[in-house]
Structures are given as structure tokens and as C-alpha cells.
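One structure is given below, encoded as C-alpha cells.
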Amino acid sequence: MISWKDKRDFWIMGAKIADPAGGKIKTGSVLVQKGMICEVAPQKTPETDLPVLDAGGLVLAPGFVDIHTHLREPGFEDKETIETGTAAAASGGYTSIMCMANTQPVVDDPSVVEYIRRRAEMSGRCRVYVAGAVTRGLAGEEITEFHHLKKAGAVALSDDGRFIVNSKVMRLALEYAKMIGLPVISHCEDPYLADDAQMNESYVSTRLGLRGAPAASEEIAIARDIRLAALTGGRLHIAHVSTAGGVDLVRKAKKTGIAVTAEASPHHLTLDETMLENYDRNFKVNPPLRGARDIAALRAGLKDGTIDCIATDHAPHTEIDKQVEFNYAPSGMTGLQTAFAQLNTELVEKGEMELVELLRLLSTAPASVIGIPGGRLEPGLPADLVLLDPKEEWVFERSMVRSRSYNTPLIGKKFTGRVHGVFLEGKWYSDVS
Amino acid sequence: MQFNQKHLLGLEDLTEGQITQILDTADNFKEVLGRKIKKVPALRGVTIANVFYEPSTRTKMSFELAEKRLSADIINFSKATSSVKKGETLRDTLENIKAMKVDIVVMRHESSGAHRFASEFLDCSIVNAGDGQHAHPTQGLLDMMTLRERWGTLRGKKVTIIGDIMHSRVARSNIWGLTKMGVEVTVCGPPTMMPVEVAKLGEGGVKLEYDLRKAISGADAINILRIQLERQKSKLFPSMREYFEVFGVSCDVLKSAPEGCLVLHPGPMNRGVEIAQEVADGDQSVILPQVANGVAVRMAVLFLIAGGTVEGDELN
């Protein structure tokens, strides 16, 4: 519907402009010049020689920010590349993403940070921020050169995919990162309790004969890291909280003033363990899908601020990877393209959350958790914006997948709420014709 | 009456009526097995592939014999001698078998859900000969057949399953099958070998009792599971002697059960570990009749899956 490719100076008119930080959505116009937001005007029809884009009442919001993406490049380009991963991101309304360090080589050296940033500049469809590894080779033994990683452009530290089992190493990481000024992101999972786990431990795992990870495997890890954050004063962020007990621990820690933040993924907020019934590998994720009680607790956590933001844990795997027996399939599902639609359908449309709050949890909140730009729609900032229709019904078809991988159980799913495209520094990208 | 199931993946999917139909058909086939000429032409022209990813003696032989008794054409595949060693995936192996135009695949696999996965891309019937820790439906059926032929009916009886319930597909299939047939099931074993919320398993659930003597005190039959020796390595119980002391079924322990309580074991047995020699070979043991019934039950399953009806003249 919009043919505004590459027109960098223009007015966007007749949009419902969302200001997630202020919690409001108001009709208005936005002037974009040289890729920057120059003016945000309420209700006026601008008198101007510049091109005018009629947004037709769609919602214009700050572009989404994902702080938990697996781009897989370098090393696993068969699963995803920076080009395809960022294309999926843009298609899902994201203008900034942060990629995880479990590539090959691991992002434990400044050269890898530089490589990813250079590749992102060449082929990225959105901004790419890089998380460096906490420990060399993600082995959980020695901390990496936080200073050098930061200098090369890393904005956070994460051994995502692995828990740092050695408490002393985690203590050192939190202490040292405090000086460098980077948050340490923890993948909280006691690997002994979750040994060879295929799913959540519950009646469902008992029935299916699959080994389960008890909620305690996550809770124990969260509890330890909270104690270490208290001990060190380091800045801790808990990735993909999935259990009711985990939410509780974070809530209590925040009450006592410990510097901890937490994220939840769209799938943990909307899908539950019973969906594994037919051993569909696309529902196999780590942490695993949990029970209804956990979903309710995560949603309550979003509501009271215990869970700070939503992060996708977009984890592409090839069909070859997933076309195997359940216990041999790798964990993970893609999420960048469907996060907004899925959450809008399940939370906003069902009256559990206001649209503007969802937009905040997808943009302003994650940006501030890591301390990266984004999530604001104000004059003087880059025009990183998303245009979406919160009421449009559509079906996510296989042909729409922009990721290199198809490992999502949401193909064929009907959603309410659709991203029409993003402006990245004023440049329009759209998948909707 | 047509048997309306394309596959046999687990007893959880079957109704009481369908289970009864299989058991009735098996009783008929048992009569055939008592004849001088033990072969019927029921599955002539039907091709069956026996695909065994896990070692098996009893189940594999039993299926093969059942297939031969039904005059089916059979091909065998086992992991040790196949391209699996060259890195072929399950999917590719099965796609190749499919390309050879097989009518029924009988499969055993170490992964729970492997058969469900196979059903995503195979168009032939699939019979589960054991998947991981999930299900072993023909074992459940042959156990029920053995009990039913002694009792006349299963409804209202009490069966106690003893041992490593967590890792046992035999336990799960017994629980689903027996509870659907109106049997009261009790499970007994070390808590470290009980899956979480085990009491919810089956139609209407099961009873959980850690004390062996209490668990069998009202039992009409006990089903003693094989203790897998590799479990001992992961230290789910402290030692063999402690296991036998607490959960081993000796003659003395068996005295806690009512007189005439039947003893089942799916085999292979660890004599002197989960079951004492005298119990395994004693009067109450129906362990060898179980094996004999295994062939009849598998004939029934294959016959019904292939679309046969008992009213027909296939048995002659």
C-alpha cells in the first residue's frame, strides 16, 4: 500500500502515534528528514512541499527492540544469516536487535564483535547490537576481555544457552562487568537437574515418557544469581524467565533493591507444555514450555513490572535439524516475525493488556534494560519506527517466512494485529503488499 | 467388526471396546497356534517391515513369528547391520522402506515419540514395538490377555506394578490398558524411579504405594518390571542388594499377597535382583504363558490393523 522506498524527507500523516514511554496513543503527524524525526505534530495536516505519506489510521510506534536474538552468523549460516535474521526482524517490526554470543567462533573476542557489526552494516535490515560472551568459549571457566569486547561494540555479556555453573566465575563476571558498565545476562538453568531434559517436568512429561526439567532447575539458578548480584552490586539480567517460582524470586529481589531485570519470551507467555502432545519438535525450546500456572505468573509479572520486557529468543534451526526424533532435535523456535502478532492476539485482543503497554514492552523497555538507543519517538532521534494495524486479521503463511529457518509452530496460525513495515532511519521496509 | 485404527501407537489411544476386540481376536489366534499346522493365510500378500533400533529378543522374535503364522512377507532391519551406522537418519531409513511399498512397519526405537514422528511422513500402518519410555502397547496387551484368560474378566481386579516406573514403557502401557479395562492399578517402587504425578496416569489414575508388602497385599496379580542395570550407574538407587532387600519379590514377600496372586514379568529377568528364582519359576508365575500369548496378541494386532475381521474365514 505504501511506496515510499528510500524517500528520506517526508511527512507521515494520519497515524495513531504511540508514545509507549508516556503510555499514550494520539493521532498526529511526524516529519522525517535525513532519517531523523524532526517534528511530532498533533492532528495537523502539514503545509509542505515534502511528500506526504498517509498512514491511514495505522499505529506508528517506535521500532521494536529485541535483546535476545540468535543470528547464527558466523558459523551456522545454514540456520540463519545476519541478512535473513534481520529481514525477519524488520518484517516483525523490529528496528534493533541484539544477537547472542553462541556462534562459531563464539563472540568471546573483539574480532568477532567487529565481524558481526561489519556484516550487519553490509547486509542488515535493522540495527544489530552484539552481546559478547561472559566466558571464553562459553565454557564457564574464565571471563572474557569485557573491556575489549565493549570497545569493539559489545553492549552486554551473555553465555546464553549455558548457565555458568561455577558460582565463583559468575561472581567475578558480575564484579568485573560492574567496572566496565555492561549488564550480565544469565541463562538460568541448573544443568544437573535439567540433565538431558526434553521438556517441562510434569504430568505431561510423565505421560509422554520424556525426561523433564523441573521448575526448580530454573529457580535455583535464578536464586543463586540474585544472591551474587546482591553480593557484588553487579548488573544482572535474567533471560527467558519461564517459571512462576522464577517470577517470584525476581519480584522479591527487586523489592530489596537488587539490580536485577528480567525478560520473558512470547512463547513462554502464550504456549504451554500440553502442546508437545504430538512430539512436535517445533515446540521444543529451552527453557521448556511450562504449565498454565507459569504462564499466568509471567503475565502477572509483566503487569507489575517484575518482568521488565519481552525478548524473543529467536532461535533458528534448519528443517534437517528438526526432522529427527524428539530427543535428538535441538531446542529453539523462531519468533521475530510473529512476536507482536502473537502477543497482540493473546494479550491485547483478549483484554489483558493495553496496546501501548505491549508496544512499550517490545521497544522502550528492552532498550532501557540493556541501555541501548531505541524505543522512543521524539524529535532529534533516528526515525526507527514501526507501522502496524492492531486490528488486521491475517494468517502467517510459510511463504511469508523471512528467516532462513522455518522452526516455528505458528505457521498457519491466524493472528489479529499485523506489522505493515518499519522505517529504519527513515527508510521504509515492508513485507505487506 | 472393522478395527478403526490405522496405527497402534499406544493403548492410551484405544477404547475399552477396541482393546477387547484385540484380546478376543488374540484368543482366536491362540487356538490356531495350538493346531498341528499353525499357519493361516490371513495376511498373504501383505508386506511387513520389522524395524528394530534397539536390541530385542523376545519382542522381535514374537512379531516375526506372528507375521509368519499369518503368511505375511517380511523384511527385517536392525540398527547393528544397517546404514544407521553410516549416519542415515530415521526419516531417510523409513522413507526408503516406504519406497519399497511396505504395508506395515513394526518399529522399536529408543526415542519416545519416534512412531508419532514416523507417522508424519509414512503412509503405511505403524505398529509400536516399544518407543523410549513412552509405550509398548503389545506388551500391555499380552499381559492383559494372560490375566484375562485366567480370570475370565479383568473388570474389578487389582494389579500391582513393581519397579522402575519412570523409565518403563511397559508400565505406562499396562497402566493405560488395565485402567481402561476396569482394573485397579497400584504402582510400587523407589521414589527416585517414580515419574512426577504418576498417580494421574491411566483412566482414573493409579494408586502409589512405596511399601512393597502393602502394595501387593490385595493384588490379584503383580507385574514385576525389569530393573535396568544401567540405571544403577546413574545412582537412582544405592545398590543392587538394597534394591532386592526393599523391592525384590521373594517367596516370603509374595506371602503378603493373596493366595493365587499371579506373577508377571515382561523379561528379560534379572533373577535374584527384582525377582527371586523361586518366584520366577513358581506356581504363581505366568511368565512363560505371557511369552506364548505374545505371539497371539501380535497376530491379532497385525491382522486387525491390516483390516481383517474376526467374522471372516481368514482363520481357516
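Points to keep in mind about this one:
- Matching entry among B:Gly152, B:Gly113 (being more than 13 Å from every other protein chain (Cβ to nearest Cβ), free of Cβ contacts under 8 Å to residues at least 40 places away in the same chain and not polar (S, T, N, Q)): B:Gly152
- Within segment A:238-255, none of the residues are farther than 21 Å from A:Pro366 by Cβ, at pLDDT 95 or above, of a type outside the set (Lys, Arg) and not in a helix (DSSP H, G or I).
- Residue among A:Ala262, A:Ala244 that alone is touching a Cys at 6+ places or on another chain (Cβ under 9 Å) and under 30 Å from A:Thr334 (Cβ atoms): A:Ala262
- For segment A:274-294, the count of residues that are touching a Gly at 6+ places or on another chain (Cβ under 6 Å), within 14 Å of chain B (Cβ to nearest Cβ), more than 19 Å from A:Arg171 (Cα to Cα) and surrounded by fewer than 24 Cβ atoms within 10 Å (Cβ to Cβ) is zero.
- Residue pairs whose Cβ atoms lie under 6 Å apart, separated by 6 or more positions or on different chains, with the first residue in segment B:86-98 and within 12 Å of chain A (Cβ to nearest Cβ) and the second assigned to a helix (DSSP H, G or I), are B:Leu94/B:Ala118.
Yes/no matrix, rows are residues, columns are (1) within 28 Å of A:Thr318 (Cβ to Cβ); (2) buried (at least 22 other Cβ atoms within 10 Å of the Cβ); (3) in contact with a strand residue (DSSP E or B) (Cβ under 6 Å, 6 or more places away or on another chain):
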residue	(1), (2), (3)
A:Val356	no, no, yes
A:Leu362	yes, yes, yes
A:Leu385	no, yes, yes
A:Leu388	no, yes, yes
A:Asn407	yes, yes, yes
A:Gly417	no, yes, yes
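- Flag: A:Glu425 matches the condition of being on the phi > 0 side of the Ramachandran plot and touching a residue at least 24 places away in the same chain (Cβ under 8 Å).
- Selection count, segment B:229-252, where residues are without any contact (Cβ under 8 Å) to a residue 40 or more places away in the chain, within 22 Å of B:Leu264 (Cβ to Cβ), in contact with a helix residue (DSSP H, G or I) (Cβ under 9 Å, 6 or more places away or on another chain) and not hydrophobic (A, V, I, L, M, F, W, C): 2
- The one condition in (1) touching a Leu at 6+ places or on another chain (Cβ under 8 Å); (2) within 14 Å of chain B (Cβ to nearest Cβ); (3) of a type in the set (A, V, I, L, M); (4) surrounded by 19 or more Cβ atoms within 10 Å (Cβ to Cβ) that A:Ala329 fails to fulfil: (1)
- Of all the residues in segment B:202-218, those that are in contact with a strand residue (DSSP E or B) (Cβ under 7 Å, 6 or more places away or on another chain) and either hydroxyl-bearing (Ser, Thr, Tyr) or closer than 24 Å to A:Arg207 by Cβ (or both) number 7.
- B:Arg169 within 14 Å of chain A (Cβ to nearest Cβ), under 22 Å from B:Ser62 (Cα atoms) and of a type outside the set (S, T, N, Q): yes
- Residue within segment B:129-139 that is more than 14 Å from chain A (Cβ to nearest Cβ) and surrounded by fewer than 23 Cβ atoms within 10 Å (Cβ to Cβ) present: no
- Here the condition is being at pLDDT 95 or above, over 19 Å from the mean Cα position of the chain (by Cα) and under 16 Å from A:Leu298 (Cα atoms); of A:Glu219, A:Glu263, it holds for A:Glu219 alone.
- Scanning segment A:145-158 for residues that are more than 23 Å from A:Ala262 (Cβ to Cβ) and either outside any helix (DSSP H, G or I) or at pLDDT below 95 (or both) yields A:Glu145, A:Gly153.
- Complete set of residues in segment B:116-128 that are small (Gly, Ala, Ser) and within 13 Å of chain A (Cβ to nearest Cβ): B:Ala118, B:Ser119
- Just one of the listed residues (B:Leu178, B:Leu212, B:Leu201, B:Leu229) is within 27 Å of B:Glu16 (Cα to Cα) and away from chain A (no Cβ under 11 Å), namely B:Leu178.
- Within segment A:317-326, the set of residues being within 14 Å of chain B (Cβ to nearest Cβ), in contact with a strand residue (DSSP E or B) (Cβ under 9 Å, 6 or more places away or on another chain) and touching a residue at least 60 places away in the same chain (Cβ under 8 Å) comprises just one member, A:Phe326.
- Here is the figure for segment B:4-43: residues that are more than 14 Å from chain A (Cβ to nearest Cβ) and touching a strand residue (DSSP E or B) at 6+ places or on another chain (Cβ under 9 Å) total 6.
- Residue match in segment A:302-316 (condition: within 14 Å of chain B (Cβ to nearest Cβ) and either at pLDDT below 95 or crowded, with 18+ Cβ neighbours inside 10 Å (or both)): no
- Qualifying position, being assigned to a strand (DSSP E or B) and either of a type in the set (Val, Ile, Thr) or closer than 28 Å to B:Met269 by Cβ (or both), among B:Met107, B:Met145: B:Met107
- Qualifying residue in segment A:212-222 (condition: within 14 Å of chain B (Cβ to nearest Cβ), touching an Asp or Glu at 6+ places or on another chain (Cβ under 9 Å) and assigned to a loop (DSSP other than H, G, I, E, B)): yes
- Selection of segment B:181-198 for residues being among the polar types (S, T, N, Q) and within 14 Å of chain A (Cβ to nearest Cβ) yields only B:Thr192.
- Residue that is nearest to the chain's Cα centre (by Cα) [pool: residues in segment B:148-178 that are surrounded by 20 or more Cβ atoms within 10 Å (Cβ to Cβ) and of a type in the set (Ser, Thr, Tyr)]: B:Ser173
- Enumeration of residues in segment B:110-124 that are in a loop (DSSP other than H, G, I, E, B) and surrounded by 19 or more Cβ atoms within 10 Å (Cβ to Cβ): B:Ser111, B:Ser112, B:Gly113, B:Leu122, B:Cys124
- Condition met for A:Ala259 (touching a strand residue (DSSP E or B) at 6+ places or on another chain (Cβ under 7 Å) and surrounded by fewer than 19 Cβ atoms within 10 Å (Cβ to Cβ)): yes
- Residues of segment A:17-30 that are crowded, with 21+ Cβ neighbours inside 10 Å and under 27 Å from the mean Cα position of the chain (by Cα): A:Ile17, A:Ala18, A:Pro20, A:Val30.
- Pair list, Cβ under 8 Å, 6 or more apart: segment A:237-254 residue at positive phi, other residue not hydrophobic (A, V, I, L, M, F, W, C): A:His240/A:His68; A:His240/A:His187; A:His240/A:Glu263; A:His240/A:Ser265; A:His240/A:His268; A:His240/A:Pro287; A:His240/A:Asp313
- Within segment A:179-202, the set of residues being buried (at least 19 other Cβ atoms within 10 Å of the Cβ) and either within 11 Å of chain B (Cβ to nearest Cβ) or part of a helix (DSSP H, G or I) (or both) comprises A:Gln198, A:Met199, A:Asn200, A:Glu201, A:Ser202.
The values are calculated or read from the model by the stated rules, or taken from the named source; none is laboratory data. The structure presented is a predicted model; accordingly, all values stated were derived computationally and were not measured. All Cβ positions, even for glycine, are placed from backbone atoms using ideal geometry, and neighbour counts span all protein chains on display.
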